[in-house]
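Engineer: Below is one structure. I have some questions about it.
The values are calculated or read from the model by the stated rules, or taken from the named source; none is laboratory data. These figures come from a predicted structure and were not determined experimentally. With ideal geometry, Cβ positions are generated from the backbone for all residues, glycine too; neighbour counts draw on all protein chains shown.
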Amino acid sequence: MSNPDRAVSPSVLIVDDHELFSASVEMTLCNRGIHAVRAHSLEPSAVLDQATQLQPSLILLDLDLGRDAEGRPRDGVPLARDLTRSGWQVLLVTGSTERERIAEALAAGAAAWLSKSVPFDELIYTILDGFAGRPMMDAKERQELIAEYRALQAQQRATNQKLAQLTKRERQVLDALVAGKRAKVIAEESYVSIATVRSQIRSILAKLNVRSQLEAVALVKSLNR
């Protein structure tokens, strides 16, 4: 957990897998008299431990943190959630353009986000704003992103509730439609009549409250973006 008695002098923990970028930020901040440290490890538990030891005023966090020992991508969004829950102020500094992931991290408590494509001076001034207690991004933009994310989550929950109404066979037919198969092919592969498959498709459309197979397919694909 964060310490209310953390040092008054500003400090920054840089959590990023790009060596050149993180080293440049570290050097620039140190030249300004700011204690800046790069994360020793990008494993979430190690980052949390280092934050507890350093007690940083601000944590710079990328959303794409390379891959773990098993080759799986490290996602910075859950780490942003854990850090903010522990009381740390998090500034997302990322090359990711995935609006939904950025919004999810903001909804989880990150204070602001900044693209790595902005001029380097803008990044430094944004960090200084954070130290001074000034907003690091426009409050309206932040709220709009969070509202957009929450609306999408509500839409996905509603879609999942509709999908839960399908029978096992209807879900198999829907999956086949998503894979691009036509009713005739589905019937042949399932050893049933095409009339049976068409009846199942009509039931699927009714339960999903859509008017066409294309809409049904689009609905499923919207969950997998």
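Engineer: Can you run down the residue pairs with Cβ atoms below 9 Å, 6 or more apart or on separate chains, where the first is in the stretch 202-217 and closer than 16 Å to Arg157 by Cα and the partner is polar (S, T, N, Q)?
Structural biologist: Note: pairs meeting the criteria are Lys207/Gln165; Leu208/Thr159; Leu208/Gln165.
Engineer: Which of the residues belonging to the stretch 78-90 are free of Cβ contacts under 8 Å to residues at least 60 places away in the same chain and surrounded by fewer than 22 Cβ atoms within 10 Å (Cβ to Cβ)?
Structural biologist: Hits for the stretch 78-90 are Pro78, Arg81, Asp82, Thr84, Arg85, Gln89.
Engineer: For residues that are buried (at least 17 other Cβ atoms within 10 Å of the Cβ) and part of a helix (DSSP H, G or I), tally how many sit in the stretch 91-107.
Structural biologist: Here the count works out to 7.
Engineer: While we're on this one: Got at least one residue in the stretch 142-160 being assigned to a loop (DSSP other than H, G, I, E, B) and among the hydrophobic types (A, V, I, L, M, F, W, C)?
Structural biologist: no
Engineer: Select from the stretch 11-68 the residues that are of a type in the set (S, T, N, Q), touching a strand residue (DSSP E or B) at 6+ places or on another chain (Cβ under 8 Å) and not in a helix (DSSP H, G or I) and list them in ascending order.
Structural biologist: Hits for the stretch 11-68 are Ser11, Gln55, Ser57.
Engineer: Looking for whichever is out of contact with any Gly (no Cβ under 8 Å at 6 or more places or on another chain), assigned to a loop (DSSP other than H, G, I, E, B) and of a type outside the set (Val, Ile, Thr) here; the options are Leu128, Leu166. Which one fits?
Structural biologist: Only one candidate passes the filter, namely Leu166.
Engineer: Moving to a separate point now. Among the listed residues Lys181, Lys162, Lys140, identify the single one that is within 25 Å of the chain's Cα centre (by Cα) and farther than 30 Å from Ala111 by Cβ.
Structural biologist: Matching residue, one of Lys181, Lys162, Lys140: Lys162.
Engineer: I would also like to ask the following. Does Ser115 satisfy the criteria of being among the hydroxyl-bearing types (Ser, Thr, Tyr), closer than 24 Å to Leu48 by Cα, in the same structural domain as Ser22 (by TED's automatic domain parsing) and surrounded by fewer than 15 Cβ atoms within 10 Å (Cβ to Cβ)?
Structural biologist: Yes: the conditions hold for Ser115.
Engineer: Looking at (1) free of Cβ contacts under 8 Å to residues at least 60 places away in the same chain; (2) touching an Asp or Glu at 6+ places or on another chain (Cβ under 9 Å), which is the only condition Ser11 fails?
Structural biologist: Of everything listed in (1) free of Cβ contacts under 8 Å to residues at least 60 places away in the same chain; (2) touching an Asp or Glu at 6+ places or on another chain (Cβ under 9 Å), Ser11 misses just condition (2).
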